[in-house]
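The values are calculated or read from the model by the stated rules, or taken from the named source; none is laboratory data. Keep in mind that this is a model prediction, so the values were computed, not measured. Note: ideal-geometry Cβ built from the backbone for every residue, glycine included; neighbour counts use all protein chains shown.
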Amino acid sequence: MDDYDRRVFLKLSLPGFLGLGLALPALAAQAREAAALDGRKREGGPIEWDAFIESVANYAGRRAADDWAEEKFVRRVAAMARRLKIDDPRLEEAFAGYVNKNPDWPEFEALHHEQEFQVTLIEFEPGEAIAHHDHPQINGVICCASGDVGIQNFDFLPATDDRPMLLKQVGDLRCRAGAVSTLTSEARNIHALKANAFTQLIDVFSPPYNGERSRATRWFELGDGPYQGIPGVYECGLRAG
């Protein structure tokens, strides 16, 4: 290093280095977003797996930001999921590895897991179902990669002393390839699924499941018909998972 270089370095070292240090987190976030955006451009074309994961990581990682909101998060991830390139090699490899190990129950394969979110492949044989259950403090985006599945979503009605636990149906979707269903910790959080054909779902949950959240999951048994004849409202009780 010559004298000129040393003088410039020493002159900039204290204020410049401190300023650069303060700017690094923002620069890193911008670089991460730019990398994710690179896969999202091309005038709304398909998004490759790596770019999809980068984008979800960016959105999920901003949970502490003032402008972060659950509905905003699931809408953004849902928009990305609709454009996910299903024939991406990573997904094709996962699809090709399907084995029906559990008759009458779907197969689950972890595709990605990190501190803020997880992505899971769920594959159903025709007629397989997952009964009504909740997702404690979790936001979810469910993308149908192939097949045909019915998804019903419910919210709790406010509890009172003079009536049983009630659920109100707020969604009834028949999802085929490219369709998306969402839930937040407060809205549409309880759902049930039943496959009408062989079906592959790509689920994004944020935050991811851990031991505590898994243990807190509740399973529900709904009454045979609407509660007191009220359309879409059902009495429910807890049952073993």
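Scanning the stretch 185-228 for residues that are within 19 Å of residue 122 (Cα to Cα) and in a loop (DSSP other than H, G, I, E, B) turns up 189, 196, 197, 198, 207, 208, 209, 210, 217.
Does the stretch 91-117 hold any residues that are touching a residue at least 24 places away in the same chain (Cβ under 8 Å) and among the aliphatic types (A, V, I, L, M), and which are they? Selection gives 91, 94, 111. Would the stretch 215-233 turn up any residue that is touching a helix residue (DSSP H, G or I) at 6+ places or on another chain (Cβ under 7 Å) and within 20 Å of residue 83 (Cα to Cα)? There is no residue in the stretch 215-233 that is touching a helix residue (DSSP H, G or I) at 6+ places or on another chain (Cβ under 7 Å) and within 20 Å of residue 83 (Cα to Cα).
Okay, residues lined up against (1) modelled with pLDDT of 95 or more; (2) exposed (fewer than 14 other Cβ atoms within 10 Å of the Cβ):
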{"position": "15", "(1), (2)": "no, yes"}
{"position": "23", "(1), (2)": "no, yes"}
{"position": "30", "(1), (2)": "no, yes"}
{"position": "47", "(1), (2)": "yes, no"}
{"position": "60", "(1), (2)": "yes, no"}
{"position": "65", "(1), (2)": "no, yes"}
{"position": "69", "(1), (2)": "yes, yes"}
{"position": "80", "(1), (2)": "yes, no"}
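Of all the criteria given as (1) surrounded by fewer than 17 Cβ atoms within 10 Å (Cβ to Cβ); (2) farther than 25 Å from residue 233 by Cα, the one not satisfied by residue 84 is (1).
Of everything listed in (1) in the same structural domain as residue 185 (by TED's automatic domain parsing); (2) farther than 18 Å from residue 207 by Cα; (3) not in a strand (DSSP E or B), the single unmet condition for residue 115 is (2). If you go through the stretch 108-119 and keep only what is among the polar types (S, T, N, Q) and crowded, with 18+ Cβ neighbours inside 10 Å, you end up with just 118. The set of residues in the stretch 122-161 being in a strand (DSSP E or B), aliphatic (A, V, I, L, M) and over 17 Å from residue 182 (Cβ atoms) consists of 129, 131. It is to be established whether one or more residues within the stretch 151-164 are of a type in the set (Asp, Glu), assigned by TED's automatic domain parsing to the domain that holds residue 181 and within 30 Å of residue 51 (Cβ to Cβ). No, that holds for no residue. Exactly one residue out of 134, 162 is free of Cβ contacts under 8 Å to residues at least 60 places away in the same chain, surrounded by fewer than 21 Cβ atoms within 10 Å (Cβ to Cβ) and out of contact with any Asp or Glu (no Cβ under 9 Å at 6 or more places or on another chain): that is 162.
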